[in-house]
Amino acid sequence: MTALAFDRISKRFGMIDALTEVSFAVQAGSVTGLLGLNGAGKTTAIRVCFGLLNPTSGSVRVLDGAANSRPEPGVLGGLVSRPALHPHLTVLETVAIYGALSARGDSITRMSDRLLKEFGVEGVARRRVGALSSGMRQRVGVAVAFCGRPSVLVLDEPTESLDPEGVAMVREAILRRKAEGVAILLSSHLLPEIEALADAVVIIHEGKVVAEGTQDQLRQRPHLQVGFDSPEAARRAKEALNGQMIGAESDDSDQRLLRVHSEDGAAVVGLLATAGLYPSEVRHVRQSLEQVFLRAARGHR
Amino acid sequence: MKRSRTMQAIAFEWRVGRRRRDVAVLLLALTPILLARELLLLPAPTPPGVGPELPAGGVDPVVLLQRGYQLWASVGSVSLDAFPIGAVCTGLLSCWLVASEFDTGTIRTRLVRDSSRPRLLVGKAALGLALSGLVAASTVLVGVAVPPAAHGLGLLPYVDAEAFDLGVIGTLAALVAVNVWAAATGLLFAVLVRSVILSAASFVGAWAVVATLPSVGLPPEVTRWMPTELINALLAAGAPAGSNHASMSGAAFFAPVPVPVALATLALVIAAEFAATAIVFGRRDITV
């Protein structure tokens, strides 16, 4: 079931197109990773989702609500950028008042206690937020994001500035909510985090969706590894392939290897042979998420 | 019983606002500061230049204010001298409560939990009005503690007391109206410029214009609708009623605006300010 749907969302700031016809969906009980370089438009998309920014065109739909309608408090939860919290309130007060604002039939006290424990901040419950370290503030911000048992969670860099224990806590909390049927959109620069948590991935580049699918779908896209006896042969092969409009990149770890954006090994070998180049190896390879991401981003530059 | 979402939004603002140290310090400091001002800075029993040149028939209080005279407006034995300062504090608090959320980004966290901007505004307005009530109470306390008699003064004989006397109910209504106007103006500047410093500066500027804008050259048919004059008159504890007051130049400073009309006009200005605030806040992007 689709819990969160972006439908041809565009957002323009003056002369700058921050988002252009962005469409994707997040399913209930799944985690969708949102990837993109700095300034790609991830946070803009998330701000539109929360109604902080008004889309220039297009719509966002949460559960079965109307397009661009505001969901009831507590239905949609999350975190946008670094958490901004009232520094004069204690940790307990912070979680309790945001919980009260978006509670859906839950006891505020019980919910606060549970969240403080879940994110490891029960030991500082009576301390003012302003007196906490940035990592502890981040934990409190994530706890606030999880207040009220939301059906849809949108998390923008939730593990930023967290220690390994905090990262693990957030990761476990996300997996628990996923098991409970919550739809989760997770934006992060940490590819291992997305790799470990996300069922589907959306890659945004310069405000446009440039790749979308499950991790398996994205990784199985055509990619050949072609090896030569010398770096010079590999360089000449790269030029020959690029001259035929076939993408080819040198492997950073071994200059004798090329990554070729094609699944037709025979055609590539034949093309190289006409240029007098004979590879020592040709094989299909499964890409890492990092390779998929960088290829998608660089391919659209 | 389950509270409505609006009541939850108001409760949220109250719970956050009551723990703010900056607001608490301002409120706690206000009464002693006003008391000190009354006792130390306003001992002069007679404004400079007051005397025979003023007409015996009475003169508009606003004219006296514009000429630098001090008025000791009062209801019974309670001085109203501190009320204008209280209204300024109300406006600044209003700026502070809203604009600081933009400065710190907490408005983003709040809207992520409940994206209804009208509910957020209602909560802010409710908190602002509650705090303005505390400010007003502080000024009443000062007025009771240091009545005009403490300065050795009664009503000045050259002020047309009858002409601008609102009575207790009218005076209270005027004071509420001026405080609400200050709160609404502060709120509007806060959502327009989204910065504590800039919105406070804008409010002070607007206040200075209201308090000093010379409108005496304009015909009464125009000035009667200017909130500037109305607020100024209300601050002097009296909207003109019944007839024009005599002035030194003989020109009328006010058209005959009955008190209810003066208050209704101010209410319209306040409503327009709230509407503008709601439109601006409801439509602008939150980028903090």
Examine region A:25-41 for a residue that is under 25 Å from B:ARG117 (Cα atoms) and in contact (Cβ under 8 Å) with a residue 40 or more places away in the chain, and state whether such a residue exists. yes
Of all residues being buried (at least 24 other Cβ atoms within 10 Å of the Cβ) and not small (Gly, Ala, Ser) in region B:97-106, which is farthest from the other protein chains (Cβ to nearest Cβ)? Just the residue, please. B:VAL98
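Could you please let me know if A:ARG176 is surrounded by fewer than 22 Cβ atoms within 10 Å (Cβ to Cβ) and over 20 Å from A:ASP113 (Cβ atoms)?
No.
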Which is touching a residue at least 40 places away in the same chain (Cβ under 8 Å), surrounded by 16 or more Cβ atoms within 10 Å (Cβ to Cβ) and farther than 30 Å from A:PRO158 by Cα, of A:PHE228, A:PHE293? A:PHE228
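For every residue, the table says whether it meets (1) over 25 Å from A:GLN138 (Cα atoms); (2) modelled with pLDDT under 90; (3) in contact with a helix residue (DSSP H, G or I) (Cβ under 9 Å, 6 or more places away or on another chain); (4) not in a helix (DSSP H, G or I).
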site: B:GLY86; (1), (2), (3), (4): yes, yes, yes, no
site: B:LEU92; (1), (2), (3), (4): yes, no, yes, no
site: B:ASP103; (1), (2), (3), (4): no, no, yes, no
site: B:THR109; (1), (2), (3), (4): no, no, yes, no
site: B:PRO118; (1), (2), (3), (4): yes, no, yes, no
site: B:LEU121; (1), (2), (3), (4): yes, no, yes, no
site: B:LYS124; (1), (2), (3), (4): yes, no, yes, no
site: B:GLY133; (1), (2), (3), (4): yes, yes, yes, no
site: B:SER138; (1), (2), (3), (4): yes, yes, yes, no
From the options B:PHE189, B:PHE164, residue that is more than 18 Å from B:ILE85 (Cα to Cα) and modelled with pLDDT of 95 or more: B:PHE189
Among (1) of a type in the set (Gly, Ala, Ser); (2) in contact (Cβ under 8 Å) with a residue 60 or more places away in the chain; (3) surrounded by fewer than 24 Cβ atoms within 10 Å (Cβ to Cβ), there is one condition A:GLY166 misses while meeting the rest; what is its number? (2)
Among the residues of region A:284-298, is any over 24 Å from A:HIS189 (Cα atoms) and not in a loop (DSSP other than H, G, I, E, B)? yes
Regarding region A:228-235, can at least one residue be identified that is part of a helix (DSSP H, G or I) and under 35 Å from the mean Cα position of the chain (by Cα)? yes
Looking at (1) buried (at least 22 other Cβ atoms within 10 Å of the Cβ); (2) on the phi > 0 side of the Ramachandran plot, which one does A:GLY181 not meet, given that it meets all the others? (1)
Just wondering, is there one or more residues in region A:272-279 that are surrounded by 14 or more Cβ atoms within 10 Å (Cβ to Cβ) and among the β-branched types (Val, Ile, Thr)? no
One residue from A:GLY39, A:GLY51, A:GLY33, A:GLY58 being among the small types (Gly, Ala, Ser), within 30 Å of B:PHE12 (Cα to Cα) and assigned by TED's automatic domain parsing to the domain that holds A:GLY141: A:GLY51
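For every residue, the table says whether it meets (1) more than 30 Å from A:PHE293 (Cβ to Cβ); (2) not hydrophobic (A, V, I, L, M, F, W, C).
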{"residue": "A:PRO55", "(1), (2)": "no, yes"}
{"residue": "A:VAL62", "(1), (2)": "no, no"}
{"residue": "A:LEU79", "(1), (2)": "no, no"}
{"residue": "A:HIS88", "(1), (2)": "yes, yes"}
{"residue": "A:ILE108", "(1), (2)": "yes, no"}
Of the residues in region A:13-30, those that are of a type in the set (A, V, I, L, M) and under 14 Å from A:ILE203 (Cα atoms) come to A:LEU19, A:VAL22, A:ALA25, A:VAL26
Go through region B:19-30 and give me each residue that's more than 10 Å from chain A (Cβ to nearest Cβ) and among the basic types (Lys, Arg). none
In region A:171-190, which residues are part of a strand (DSSP E or B) and under 13 Å from A:PRO150 (Cα atoms)? A:ALA183, A:ILE184, A:LEU185
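Just one of B:ARG19, B:ARG15, B:ARG37 is part of a loop (DSSP other than H, G, I, E, B), modelled with pLDDT of 50 or more and either of a type outside the set (A, V, I, L, M, F, W, C) or closer than 30 Å to A:GLY130 by Cα (or both); which is it?
So the residue among B:ARG19, B:ARG15, B:ARG37 that is part of a loop (DSSP other than H, G, I, E, B), modelled with pLDDT of 50 or more and either of a type outside the set (A, V, I, L, M, F, W, C) or closer than 30 Å to A:GLY130 by Cα (or both) is B:ARG19.
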On the given criteria, is B:VAL122 surrounded by fewer than 20 Cβ atoms within 10 Å (Cβ to Cβ) and within 23 Å of B:ILE33 (Cβ to Cβ)? no
Quickly run through region A:184-201 and pick out the residues that are surrounded by fewer than 19 Cβ atoms within 10 Å (Cβ to Cβ) and of a type outside the set (A, V, I, L, M, F, W, C). A:HIS189, A:PRO192, A:GLU195, A:ASP199
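Give A:LEU197, A:LEU153 a once-over and let me know the one that is closer than 27 Å to B:ARG110 by Cβ, of a type outside the set (Lys, Arg) and either within 17 Å of the chain's Cα centre (by Cα) or modelled with pLDDT under 90 (or both). Before you say what the answer is, go through the steps one by one.
Values: A:LEU197 fails: closer than 27 Å to B:ARG110 by Cβ.
A:LEU153 is the lone residue from the list that is closer than 27 Å to B:ARG110 by Cβ, of a type outside the set (Lys, Arg) and either within 17 Å of the chain's Cα centre (by Cα) or modelled with pLDDT under 90 (or both).
The values are calculated or read from the model by the stated rules, or taken from the named source; none is laboratory data. Predicted model, so just to flag it, every value in this text is computed and none were measured. All Cβ positions, glycine included, derive from the backbone under ideal geometry; neighbour counts span all protein chains shown.
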